[in-house]
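The values are calculated or read from the model by the stated rules, or taken from the named source; none is laboratory data. Just so we're clear, the structure is a prediction, and the values are computed from it rather than from any experiment. Every residue, glycine among them, receives a Cβ derived from its backbone with ideal geometry; neighbour counts consider all protein chains shown. Surface accessibility is based on the protein's heavy atoms, side chains included, excluding ligands, DNA and RNA. Shrake-Rupley method; radii C 1.70, N 1.55, O 1.52, S 1.80 Å.
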Amino acid sequence: MNHLDKATAAHEATVGALLAHLSDRGIEGRTHAPGAPAFDAGWHRGADVFIAEVKSLTGAREEQQIRLGIGQVLDYAHQLRTAHPDRRLHPVLVLEKRPMDPRWSSLARSAGIRLTWAPDFPDL
């Protein structure tokens, strides 16, 4: 299995684990609707809407993947806020595992992003 295959498998496993985590808490996770930004998972709790971008850290530079994920989830959130200004939208970056550098949690928080990771998905 090459690096791309491992990364794809890790991504899919993390998405599955996130959806199972949400389901265990009685929350129905969904993928994006046709024509909507291509986020990996979304869910709502009351009036709060959460959209998540999932990033694998297998076979890739962690810093590069996290930066890419931050940009993607901010872009998705902006698009959805523009289309639905009445919704309380929360971007979430979900990683395959805890990042090695703890600075990512404070950076994400300062940008209004929830950062979490498998297998326990803290702060969700």
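The long axis of helix 62-83 is offset from the longest Cα principal axis of the chain by roughly 10 degrees. Entry comment: accessible area of segment 37-124 is 52 Å² per residue, from protein heavy atoms only and a probe of 1.4 Å. A simple rule links phi to the HN-Hα coupling: the Karplus curve 6.51 cos²θ - 1.76 cosθ + 1.60 with θ = phi - 60°, which for segment 97-106 gives 7, 4, x, 5, 9, x, 5, 5, 5, 6 Hz, with x for Gly and Pro.
With charges set only on the Cβ (+1 for Lys and Arg, -1 for Asp and Glu), what does the dipole of the chain come to about its Cα centre, in debye to the nearest 20?
Numbers: 15 positive and 15 negative charges, 57 e Å.
So the magnitude is around 280 debye.
Couplings 3J(HN,Hα) of segment 22-37, computed from phi: 5, 4, 4, 9, x, 10, 8, x, 9, 9, 5, 7, x, x, 8, x Hz, in residue order, whole Hz [Karplus 6.51 cos²θ - 1.76 cosθ + 1.60, θ = phi - 60°; x for Gly and Pro].
Amide H contacts of residue 117: 95, each under 5 Å away and 5 or more positions distant or on a separate chain (H built 1.01 Å from N in the peptide plane; Pro and chain starts excluded).
Taking the 1.4 Å solvent-accessible surface of the chain as the whole, the part contributed by carbon and sulfur is 53%.
How much net charge surrounds residue 120 when only other residues with a Cβ under 11 Å from its Cβ are counted (Lys, Arg +1; Asp, Glu -1)?
On the way: positive: 97, 98; negative: 123.
Summing Lys and Arg as +1 and Asp and Glu as -1 gives +1.
Taking every DSSP bridge with both residues inside the chain, close to 35 percent are antiparallel.
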